[in-house]
């Protein structure tokens with residue numbers, strides 16, 4: 001009994017110690033926690049606190065303008081006013097009457113308003129756009145009656161604007177808001193959700209210069225979110241303007257001459273330095289389509305799923321060149337040493353290679369002729385003989401020197417096709433579709449290659465570059481749409497061709513004869529006091545089975561050239577002199593009036 005009493009007394013004596021120990025440990029834990037909160041994690045919690053009491057009112061930057069060489073605006077930014085409805089602030093009982101009144105006030109279909117509202121509700125939208133791009137009259141009318149439309153308001157935003165709609169669409173390019181996945185990466189570079197970003201063309205190539213920097217005002221608010229004071233304003237910075245080498249007047253006529261064609265492309269370039277004066281592709285598209293919040297389904301499908309492929313830049317896509325390729329075969333013959341400048345060959349109605357008779361285009365032949373006359377009359381059988389003797393790899397070698405099968409260097413190279421120039425290795429490797437060793441080089445192939453058919457695919461921009469080298473006396477230039485920070489006449493940009501200058505001059509003389517008395521003579525009709533012109537017509541069978549393509553390449557003046565034009569009409573049978581040459585002629589007339 002005494003032992004039990006003793007034990008109880010001991011326990012009672014220990015209770016204060018236990019309580020003290022527990023209290024001390026708890027207090028120590030609190031001190032440790034406070035240490036971590038106040039010392040270790042101080043900065044994190046300060047930032048969280050600031051975020052709760054500090055708000056940023058962001059200020060969107062104005063994107064830089066895109067200008068032509070004379071300062072004409074090709075792309076700018078403008079304010080767009082749209083009408084939105086916020087369902088959470090709308091009394092369902094008054095909705096129908098509000099839409100009726102809105103329809104009457106702004107002369108908008110009530111059915112359309114209801115359809116857009118229902119679509120937004122189905123998409124769980126908290127802000128539903130009813131009308132995009134309000135006219136000034138609609139804007140004023142709504143503002144005067146805004147008190148009658150609680151829950152409906154005007155939304156103002158900066159949108160990209162293209163004053164000429166589809167002009168130079170593939171070169172200028174377009175913008176669109178960044179996506180959630182892009183934002184996860186681009187937010188570190190200052191982009192915000194729904195920020196605009198260049199997708200194609202100049203808008204994409206010069207994105208960092210054009211975009212500008214966001215600004216805004218930091219304000220302090222209380223726990224209820226009420227404004228307390230401004231902590232400072234950082235103005236947004238407008239993006240840089242980009243001045244292009246494009247000439248608006250020449251670009252307008254380039255677009256005009258393509259209007260009656262199924263498809264095609266125009267390139268107008270200064271052969272001295274590669275500056276692009278105009279670049280057009282048909283079919284084209286309205287750049288302002290991408291600036292609209294609401295994009296009709298039919299327009300969207302026509303743009304992205306049409307068989308005509310309006311987004312496809314034909315100026316940078318590869319096609320069979322036909323006879324405009326003959327200058328490459330001619331240079332291959334000259335450079336090989338097998339056919340020197342004095343060469344004379346007998347032409348005939350046709351020449352047999354393999355199992356096929358390759359005909360002369362007049363079915364008669366042109367007698368015994370040399371290089372200049374062969375270019376003048378565009379003889380097939382003359383160039384068959386040259387090509388067959390020098391071989392595929394010599395033609396390929398010369399084509400590489402002239403810039404074929406490679407990117408041209410133009411800023412919008414993301415749209416550019418490398419094309420195809422056949423070689424014996426290419427044939428041995430399977431031609432891109434067969435097995436190695438099963439698709440050997442055939443005699444028929446070299447005949448086709450000699451006149452730019454089937455095993456040759458080149459782009460209009462590549463042709464412009466090659467012919468510019470002939471026009472300027474042997475320098476490969478870099479086509480460009482802007483001269484930003486680059487001197488395209490510097491030795492680092494001008495590449496001297498590894499081709500005998502005398503051979504270049506011989507080809508140049510032949511091209512001048514084409515226009516004087518050959519297949520391109522019709523370009524002179526109706527022109528007076530005009531500088532001399534050199535050029536080459538071309539008609540090419542479509543390797544994909546469509547109708548013939550029509551080509552014409554020319555430069556002027558013939559001696560010290562200042563302008564070069566590549567005119568291409570896709571699947572337009574009838575010949576280069578009939579369809580492509582008249583397009584180039586109209587452009588030359590505008591250029592001559594303006595610059596001479």
For residue 398: the one exception among (1) over 13 Å from residue 318 (Cβ atoms); (2) out of contact with any strand residue (DSSP E or B) (no Cβ under 9 Å at 6 or more places or on another chain); (3) without any contact (Cβ under 8 Å) to a residue 60 or more places away in the chain: (3)
Criterion (in the same structural domain as residue 269 (by TED's automatic domain parsing), in a helix (DSSP H, G or I), on the phi < 0 side of the Ramachandran plot and within 38 Å of the chain's Cα centre (by Cα)) met by exactly one of 410, 446: 446
Tally, over the stretch 517-576, of residues that are outside any loop (DSSP other than H, G, I, E, B), modelled with pLDDT under 95 and loosely packed, with under 15 Cβ neighbours inside 10 Å: 0
Single condition residue 414 does not satisfy, out of (1) over 24 Å from residue 265 (Cα atoms); (2) modelled with pLDDT under 95: (1)
Flag for residue 383 being closer than 23 Å to residue 345 by Cβ, part of a loop (DSSP other than H, G, I, E, B), modelled with pLDDT of 95 or more and out of contact with any strand residue (DSSP E or B) (no Cβ under 8 Å at 6 or more places or on another chain): no
Those residues of the stretch 174-193 which are part of a strand (DSSP E or B) and in contact with a helix residue (DSSP H, G or I) (Cβ under 6 Å, 6 or more places away or on another chain), in sequence order: 175, 176
Residue satisfying condition, being at pLDDT below 95, in the same structural domain as residue 448 (by TED's automatic domain parsing), surrounded by 15 or more Cβ atoms within 10 Å (Cβ to Cβ) and under 30 Å from residue 499 (Cα atoms), within set 353, 319: 353
Count of residues meeting criterion [outside any strand (DSSP E or B) and either on the phi > 0 side of the Ramachandran plot or in contact with a strand residue (DSSP E or B) (Cβ under 9 Å, 6 or more places away or on another chain) (or both)] in the stretch 71-88: 3
Of all residues in the stretch 447-474 being touching a helix residue (DSSP H, G or I) at 6+ places or on another chain (Cβ under 6 Å) and surrounded by fewer than 22 Cβ atoms within 10 Å (Cβ to Cβ), the one that is nearest to residue 509 (Cα to Cα): 474
Test: residue 321 is more than 30 Å from residue 200 (Cβ to Cβ) and in contact (Cβ under 8 Å) with a residue 40 or more places away in the chain: no
Sole residue being in contact with a helix residue (DSSP H, G or I) (Cβ under 8 Å, 6 or more places away or on another chain), surrounded by fewer than 23 Cβ atoms within 10 Å (Cβ to Cβ), within 16 Å of residue 451 (Cβ to Cβ) and assigned by TED's automatic domain parsing to the domain that holds residue 483, chosen from 330, 389: 389
Matching entry among 434, 430 (being modelled with pLDDT under 90, more than 23 Å from residue 340 (Cβ to Cβ) and in a loop (DSSP other than H, G, I, E, B)): 434
Out of 220, 207, sole residue that is in the same structural domain as residue 65 (by TED's automatic domain parsing), surrounded by 13 or more Cβ atoms within 10 Å (Cβ to Cβ) and modelled with pLDDT of 95 or more: 207
Members of the stretch 112-126 that are surrounded by fewer than 17 Cβ atoms within 10 Å (Cβ to Cβ), in contact with a helix residue (DSSP H, G or I) (Cβ under 9 Å, 6 or more places away or on another chain) and over 19 Å from residue 148 (Cβ atoms): 112, 121, 125, 126
The one condition in (1) surrounded by 15 or more Cβ atoms within 10 Å (Cβ to Cβ); (2) modelled with pLDDT of 90 or more; (3) over 30 Å from residue 479 (Cα atoms) that residue 195 fails to fulfil: (2)
Subset of the stretch 82-104 (residues that are under 30 Å from residue 197 (Cα atoms) and surrounded by 18 or more Cβ atoms within 10 Å (Cβ to Cβ)): 82, 83, 84, 85
Search result, residues across the stretch 362-380 that are free of Cβ contacts under 8 Å to residues at least 40 places away in the same chain and closer than 22 Å to residue 458 by Cα: 379
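The values are calculated or read from the model by the stated rules, or taken from the named source; none is laboratory data. All values derive from a computational prediction rather than experimental measurement. Quick reminder, even Gly has a Cβ in these numbers, built from the backbone with ideal geometry, and neighbours come from all protein chains shown.
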